[in-house]
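Here, each number is a calculation from the coordinates, and none is a lab measurement. Keep in mind it's a predicted model, so treat the numbers as computed, not measured. Heads up, the Cβs are rebuilt from the backbone with ideal geometry, glycines too, and the neighbour counts pull from every protein chain shown.
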Amino acid sequence: MEHKDKVVIVTGGAHGIGKCIAEEFRKKGALVAVIDLREGKHCVGDISQKNVLETFADEIIGKYGKVDYIVNNALPLMKGLDECTWEEFQYALTVGITAPFYLVKLLAPYLAEGASIVNISSSRDRMSQPQTESYTAAKGGIAALTHALAVTLRNKARVNSISPGWIDTDYKKYDGADAVQQPAGRVGNPMDIANMVLFLCSDKAGFITGENICIDGGMTRQMIYHGDYGWMLTE
């Protein structure tokens, strides 16, 4: 029960990958605090708002007095060059980069011995589809923020990031091209990410910090050329 009674914060923890992470920590006996836009028994709030983060941090410290693990998972807005407004782009960056930075800043004085911070980036931090600029920029930013925090928080907390690829949060099983195109032979699910988060927050990962781990079934390692192995580009 390595995670028993550890205080864990998960942003965006009411659905999808974040919900799975929170549930897995609870199964291990951890004390989990979630903040999410969605209604529920967790803290409901928009982490793009400075006062929301401050209030949330105050509540956590007032209740527990410390923090062991922070999982910055909240999802930025995804819009592209054609439709994304200034305000929407700024919102994406605030949720994806500024909020994780500020939450860590607020809680840094209260990090317990052996603390771990895990930032959820995306394989889009290194590859893109058209019209995804706001999301991609935010995910690239948090991947870079990770190694900066790791150096600043040396001897105080380990800081790592995870870049998920295609993760189906409904645990749907895919056949045919959707599965076969991935070197691992399947589409991912939230447990693939949650397992790594728990590992990175464990003593087994005690020598890992400033690292980004891409969990994408090997897709970003696969070279694709028109006409090669049946791949065809259609315009």
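Within a straight-line Cα-Cα reach of under 16 Å, Lys105 can be paired with the following lysines, leaving aside sequence neighbours fewer than 8 residues apart in one chain: Lys50, Lys66, Lys156.
The magnitude of the dipole of the chain, with charges of +1 and -1 set on the Cβ of Lys/Arg and Asp/Glu and taken from the Cα centre, is near 840 debye. I want to verify a result. In a Gaussian network model of the chain, Cα cutoff 10 Å, which of these has the top mean-square fluctuation: Met78, Met127, Met223? It is Met223. Remark: the range 167-178, residue by residue, has Karplus-estimated 3J(HN,Hα) of 10, 8, 6, 9, 6, 6, 8, 10, 10, x, 4, 4 Hz, where x stands for each Gly or Pro and the curve is 6.51 cos²θ - 1.76 cosθ + 1.60 at θ = phi - 60°. Remark: the range 102-107, residue by residue, has Karplus-estimated 3J(HN,Hα) of 5, 5, 5, 4, 5, 9 Hz, where x stands for each Gly or Pro and the curve is 6.51 cos²θ - 1.76 cosθ + 1.60 at θ = phi - 60°.
In order along the range 109-115, the phi-based Karplus estimate (6.51 cos²θ - 1.76 cosθ + 1.60, θ = phi - 60°) of 3J(HN,Hα) comes to x, 10, 5, 6, 4, x, 5 Hz; Gly and Pro are listed as x. With neighbours defined as other Cβ atoms within 10 Å of a residue's Cβ, the residues Cys20, Cys84 order from fewest to most as Cys84, Cys20. For Asp168, the residues whose modelled amide H falls within less than 5 Å of its own, excluding neighbours fewer than 5 places apart on the same chain, are Gly188, Asn189.
So which of Lys139/Lys173; Lys19/Lys79; Lys63/Lys172; Lys139/Lys172 end up more than 30 Å apart by C-alpha? Violating the 30 Å limit, Cα to Cα: Lys63/Lys172. Kirkwood radius, the range 101-180, all distinct C-alpha pairs, inverse of mean reciprocal distance: 14.6 Å. Under the shape rule built on the C-alpha gyration tensor, where the axes satisfy a ≥ b ≥ c, the range 64-222 is oblate, since a/c reaches at least 1.5 while a/b does not exceed b/c.
Applying 1/(1 + (r/R0)^6) with r as the Cβ-Cβ distance of Tyr110 and Leu233 and R0 = 45 angstrom yields a FRET efficiency of 0.30. Helices in the chain, meaning DSSP H runs of at least 4 residues, each add -39500 (n - 2.57). Divided by all residues, the mean residue ellipticity at 222 nm is -10500 deg cm²/dmol. Taking the longest Cα principal axis of the chain as reference, the axis of helix 50-64 is set at about 60 degrees. A cut-off of 5 Å between modelled amide H atoms, ignoring neighbours fewer than 5 places along the same chain, links Ile70 with Ile9, Ser116, Ile117, Val118. Amide H to amide H distances under 5 Å link Ser161 with Asn119, Glu211, Asn212, Ile213, where only residues 5 or more positions off or on other chains count and H is placed in the peptide plane.
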